[in-house]
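What follows draws every value from the coordinates through simple rules; no lab data is involved. Keep in mind it's a predicted model, so treat the numbers as computed, not measured. In this analysis, Cβ positions are derived from the backbone assuming ideal geometry, glycine residues included, and neighbour counts consider all displayed protein chains.
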Amino acid sequence: MPDTLLEVRSLDAFYGDFQALFGVSLEVAAGEVVAVIGANGAGKSTLLNSIAGLVHARGDAILLAGEPVGGVPAYGMAARGVALVPEGRRLFPSLTVEENLLIGGQLGRPGPWNLPRVYDLFPVLAQRRHAPSPSLSGGQQQMVAIGRALMSNPKLLLCDEISLGLAPIVVRDIYGRLPTILSEGLSLVIVEQDIVQALAAANRVYCLQEGRVVLTGTAGSLTREAISAAYFGV
Amino acid sequence: MEWANIILQGVLVGGLYAMFAAGLSLIFGVMRLVNIAHGDLIVLAAYLALVVTETLGINPLASLAFVVPAMALIGYALQRGLLNQTLGDDLLPPLLVTFGLSVIIQNGLLELFTADSRRLQAGGIEVDSIQLGTGLAVGTLPLIQFALAVAVIAGLQWLFYRTALGRAFRATSDDQAMAQLVGLDNRRVFALAMALSLAVVAIAGVLLAIRTNFDPAIGPARLIFGFEAVIMGGLGSMWGTLAGGVILGVAQAIGAQIDPGWQVLAGHIAFLVVLAVRPQGLFPKVQG
């Protein structure tokens with residue numbers, strides 16, 4: 001594969017004594033969109049949190065552009081160009097919309113994204129820029145969370161369940177902005193429970209079940225039957 | 001007129017209490033750390049100022065130029081070297097460690113400076129006063145003290161809501177994990193917050209030492225005054241901290257006027273009344 005940006009090599013992840021991931025391997029090429037699907041508790045969020053540096057990983061279990069980065073704390077991963085849009089959005093409630101975006105860009109990584117570009121992408125945020133972030137609707141909050149991640153000009157953007165709890169029309173609206181985001185050349189890993197949405201957006205798909213990769217392939221090549229079998233383990 | 005005078009003195013002393021409180025509330029707000037050694041750090045700053053003024057022969061207010069950066073540096077090192085290791089989901093470890101620190105500072109100062117009361121001489125401003133009208137006068141020192149307190153509070157408020165560092169403080173306070181995801185090293189943010197807190201402590205310590213006698217054992221009482229001002233003010237705004245300090249100062253002044261033995265008690269009673277009537281404080285933190 002040309003230009004592998006992210007390589008995960010037989011990653012194990014633990015929460016205390018509980019093992020959440022068992023030897024998960026995954027690759028993401030530069031500019032590629034990879035979807036990670038699976039049922040609740042399959043380890044999707046744990047995988048993203050490990051890549052982002054929130055969950056401890058073995059040193060050589062995660063390679064970013066060839067550099068071993070397992071065990072690097074989250075702020076170190078952010079400095080290396082990995083941004084996470086976390087499940088549940090997790091905006092900073094005591095910050096305004098604009099402050100949430102600015103703090104996303106506080107590392108000052110060079111790149112195409114800045115405040116005006118994010119407001120171009122999500123014009124509604126420009127109108128609400130001085131509003132306290134908790135006063136926004138769920139969809140608008142999700143836009144802030146994505147904008148905050150983009151502000152760091154990441155090479156790799158990790159999106160955890162961005163459709164969760166949002167109306168279908170809002171989800172379509174947000175997914176409709178993905179091509180604009182991708183045109184800047186970053187790689188994207190999306191975790192989704194909404195398989196249709198994930199398959200439509202992704203080049204390749206990994207399906208997790210109980211902490212293991214049970215199915216992988218290009219988005220076009222996987223049949224619904226194969227996915228259901230992998231999803232439910234039947 | 002006598003009462004107007006007493007209340008005015010109380011308000012001005014309140015500025016000093018607000019400065020005791022501002023550093024405490026900053027630390028608690030950013031990292032949920034209750035610094036039991038806060039009062040003793042105020043006393044440490046006072047002794048530091050004593051050494052600087054005696055060595056260099058300068059005015060105590062000029063010694064701020066040394067004491068403030070020195071205390072900020074101590075704060076940064078203390079947080080990075082010790083307190084960061086105690087922070088976690090449990091509130092108890094930092095409480096115990098700062099309690100231990102309080103004991104160490106008190107006994108260290110006792111060894112170095114003995115239990116004798118000391119005082120900083122500021123060349124007459126302690127006793128100067130400005131006549132505001134018949135029967136109404138304010139001391140120059142309390143006035144400087146209050147003006148500095150307002151400046152410090154305004155400065156902190158500005159820093160919190162208008163600067164990138166303040167944004168980082170608030171974001172880290174909201175959600176530590178998320179703050180790391182946007183690239184903030186929370187240990188460094190905490191160390192900067194402690195440095196800032198002890199810079200304010202330095203100003204408070206020097207003013208305290210000009211105003212009154214001090215010895216190594218007076219720290220814990222200053223901690224209590226600081227706590228009371230923080231809790232009465234609420235955690236939502238630094239201006240609340242100033243209001244809390246002023247209420248405490250006025251209550252103590254009124255208590256002392258009724259009976260000198262009631263000075264401290266009256267402050268505690270005012271605290272209990274506010275706590276009973278408005279437990280969230282006068283300016284509570286707005287929840288999203």
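Positive end of the dipole of chain A (Cβ unit charges, origin at the Cα centre): among A:226, A:156, A:101, the Cα lying farthest that way belongs to A:101. For segment A:94-234, a crude dipole built from +1 on the beta carbon of Lys and Arg and -1 on the beta carbon of Asp and Glu, taken about the Cα centre, is about 260 debye to the nearest 20.
Would you work out the Kirkwood radius for segment B:223-288? I mean one over the mean of 1/r across all pairs of different Cα atoms, in Å.
Working: mean 1/r = 0.0859 Å⁻¹.
Result for segment B:223-288 stands at 11.6 Å.
The stretch between residue B:34 and residue B:6 holds 6.8 nm of extra length on full extension. This uses 0.36 nm per residue minus the Cα-Cα distance. With a 10 Å cut-off around each Cβ of B:156-165, the average count of Cβ atoms from other chains is 1.
Taking a ≥ b ≥ c as the square roots of the Cα gyration tensor eigenvalues, with a/c under 1.5 meaning rounded and otherwise prolate when a/b beats b/c, else oblate, which class fits segment B:2-277? Spell out each step's value before the answer.
Numbers: a/c = 1.67, a/b = 1.37, b/c = 1.22.
Here segment B:2-277 falls in the prolate category.
Between segment B:197-224 and segment B:43-96, how many Å separate their Cα centres? Their Cα centres are 11 Å away from one another.
Return the average number of partner chain Cβ atoms within 10 angstrom of each residue Cβ along peptide A:103-113.
Details: counts 11, 4, 2, 9, 3, 1, 1, 0, 0, 0, 0.
Neighbouring Cβ atoms belonging to other protein chains average 3 per residue here.
Each of A:39, A:53, A:205 was placed along the dipole of chain A (beta-carbon charges, centred on the mean Cα), and the one lying farthest toward the positive end is A:53.
What helices does chain A hold that run 15 Å or longer along their axis, going by alpha-carbon atoms, with a Kyte-Doolittle average of 0.0 or more, using DSSP H for the helix calls? Show your work: numbers first, answer last.
Details: long enough: A:138-150 (18 Å, 0.14).
Correct list, ordered by number: A:138-150.
For segment A:57-122 versus segment A:164-206, the inter-centroid distance based on Cα atoms is 18 Å. Each part reduced to its alpha carbon centroid, segment B:110-156 and segment B:6-29 end up 13 Å apart. When shorter helices are ignored and each DSSP H run of at least 4 residues is given -39500 (n - 2.57), the per-residue value for chain B at 222 nm works out to -24500 deg cm²/dmol.
Positive-end ranking of B:59, B:71, B:157 along the dipole of segment B:2-277, with charges on Cβ about the Cα centre, is headed by B:157.
Taken about its Cα centre, segment B:2-277 carries a charge dipole of about 600 debye when Lys and Arg each add +1 at the Cβ and Asp and Glu each add -1 at the Cβ.
Given axes a ≥ b ≥ c from the Cα gyration tensor, I'd like to know whether the protein assembly as shown is rounded (a/c under 1.5), prolate (a/b larger than b/c) or oblate.
Details: a/c = 2.85, a/b = 2.35, b/c = 1.21.
Cα axes put the protein assembly as shown in the prolate bin.
If a/c stays under 1.5 just call it rounded; otherwise compare a/b with b/c (prolate if a/b is bigger, oblate if not). Do that for segment B:1-68, with a ≥ b ≥ c from the square roots of the Cα gyration tensor eigenvalues. Please report the intermediate quantities before stating the final value.
Values: a/c = 2.81, a/b = 1.09, b/c = 2.57.
The shape class here is oblate.
Within 10 Å of the Cβ of each residue in A:91-100, the mean number of Cβ atoms contributed by other protein chains is 6.
For the peptides B:147-157, B:112-122, what is the packing order when you average, over each peptide's residues, the other Cβ atoms within 10 Å and list the highest mean first? It would help to have the intermediate numbers written out before the result.
Working: B:147-157: 17.9, B:112-122: 14.1.
Ranking, from highest mean packing down: B:147-157, B:112-122.
Quick check: pseudo-label points 7 Å beyond the Cα along Cα→Cβ at residue A:223 and residue B:96, how many nm apart are they? Taking the two extended label points, one gets 6.2 nm.
Only four residue types carry charge here, +1 at the Cβ of Lys and Arg and -1 at the Cβ of Asp and Glu. Report the dipole size of the protein assembly as shown about the Cα centre in Debye, rounded to the nearest 20.
On the way: 30 positive and 35 negative charges, 147 e Å.
The calculation lands at about 700 debye.
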